[in-house]
1. Using just the helices of the chain, give the 222 nm mean residue ellipticity in deg cm²/dmol: DSSP H runs with n ≥ 4 each add -39,500 (n - 2.57), and the total is spread over all residues, rounded to 500.
2. Based on the alpha-carbon gyration tensor of segment 3-135 and its eigenvalue square roots a ≥ b ≥ c, which shape applies: rounded if a/c is under 1.5, prolate if not and a/b is larger than b/c, or oblate?
3. With a 1.4 Å probe and all protein chains in place, put Asp113, Asp37, Asp43 in order of accessible area, largest first.
4. Take the Cβ-Cβ distance between Ala282 and Asn104 as r, set R0 to 51 Å, and report the resulting FRET efficiency rounded to the nearest 0.05.
5. How large is ³J(HN,Hα) for each residue in segment 234-245, as worked out from phi by the Karplus curve 6.51 cos²θ - 1.76 cosθ + 1.60 (θ = phi - 60°), to whole Hz, x for Gly and Pro?
6. Please give me, ordered by residue number, the GluC sites (Glu not before Pro) of segment 246-289 that lie in loop per DSSP and have at most 11 other Cβ atoms within 10 Å.
7. May I ask you to evaluate 6.51 cos²θ - 1.76 cosθ + 1.60, the Karplus curve with θ = phi - 60°, for each residue of segment 136-146 and list the ³J(HN,Hα) values in order in whole Hz, giving x for glycine and proline?
8. Just to confirm a number: summing +1 for Lys and Arg and -1 for Asp and Glu over residues other than Asp113 whose beta-carbon lies under 12 angstrom from that of Asp113, what do you get?
Amino acid sequence: MSSPALAALHPRLPSPLRAVEDDRFSSRGVRLFLKRDDLIHPDLVGNKWRKLAPNLTAAAGRPILTFGGAYSNHLRATAAAGRLLSLPTIGVVRGDELAGRPLNPSLARCAADGMRLHFIDRSTYRHKTEPATLARVLRAADAEDAYVVPEGGSNTHAVRGCRALGEELAGLADVVAIACGTGGTLAGLAAGLAPDQRALGIPVLKGDFLTADIRTLQHRAFGAPLDNWTLDDRFHFGGYARTTPELDTFTEDFENRHGLPVERLYVAKLLYGLVALAEEDAFPRGTTLAAVVTGRPFP
Ligand SMILES: Cc1ncc(COP(=O)(O)O)c(C=O)c1O
């Protein structure tokens, strides 16, 4: 996929940076901005554009095969890219029990965008990055010629693509905060920041693998890990897609205060974490904080 073909989709880049008046921050001398990556493109939203665009170029017209769960934002974005750019896409979906059942709205959108869905059992899915298992999956999906993008889209091309997010914020924020799944977006963003800036990641999954994963992603993409980022792992609410009444109430209140539709799996936990940190006085007075809005609610 050539850069002109991608440019013809008119991504809104750099994405807008909007100041937000919120007394939970301003009363502590912190200025809050929202980096509206959710406005980059209506179908390739947020970090999906930044991660997929370089992979579409690298795929050079081959079918794109990627992986995800039944509600994966990444699968939907890949399917949309296929429709917009007339590229065949194959989605390998976790859970063979879903095969033959009516598709949920997220997978139905993928199929409507032309993605061919291939369901695999959870054990095979867990081992999908092992070469022999991957080869077996590609054969079974009749997609041996495909360009493979990993689950969540976080390969070296994607991490390098996310560096531009940091570069767009150079000089505009002291701390850039972002929700993390695989950590690929944070890994790239941190590499684009100026020396006096730092990145803060809020993991939405439970587990202590992410620091090592991000260091590995940075090593592969940039030759060495960077030390200008930290994680705060207190805000996952029990793990991926888990929530509590407290988080739901917080999120609805944030939407009402600021007129921002808040994506629930990632962005809600980020915003909750930032308010909690502000209330702990974790940011020195005078800090300018940019929260990256990496997605928007579906549908
Ligand atoms: C809306 C949203 N925000 C943040 C992320 C986390 O991105 P990463 O996996 O690069 O950490 C994702 C994951 O794909 C996402 O869908």
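The values are calculated or read from the model by the stated rules, or taken from the named source; none is laboratory data. Source: prediction; values computed, not measured. Note: ideal-geometry Cβ built from the backbone for every residue, glycine included; neighbour counts use all protein chains shown. Only protein heavy atoms, including side chains, enter the accessible area calculation; ligands, DNA and RNA are left aside. Shrake-Rupley method; radii C 1.70, N 1.55, O 1.52, S 1.80 Å.
1. Values: 12 runs with 120 residues, N = 299.
For the chain, the value works out to -12000 deg cm²/dmol.
2. Numbers: a/c = 2.28, a/b = 1.61, b/c = 1.42.
Prolate, because a/c is 1.5 or more and a/b exceeds b/c.
3. On the way: Asp113 25, Asp37 0, Asp43 55 Å².
Listed by decreasing accessible area, they come as Asp43, Asp113, Asp37.
4. Working: r = 38 Å, r/R0 = 0.75.
Efficiency at R0 = 51 Å is approximately 0.85.
5. 8, 10, 8, 6, x, x, 4, 6, 7, 8, 9, x
6. Details: sites: Glu246, Glu252, Glu255, Glu263, Glu279, Glu280; in loops: Glu263, Glu280.
In loop regions of segment 246-289 (DSSP not H, G, I, E or B), the sparsely surrounded GluC sites (Glu not before Pro) are Glu280.
7. 5, 5, 4, 5, 5, 8, 6, 9, 5, 8, 6
8. Details: positive: Arg76, Arg83, Arg109, Arg116; negative: Asp43.
It works out to a net charge of +3.
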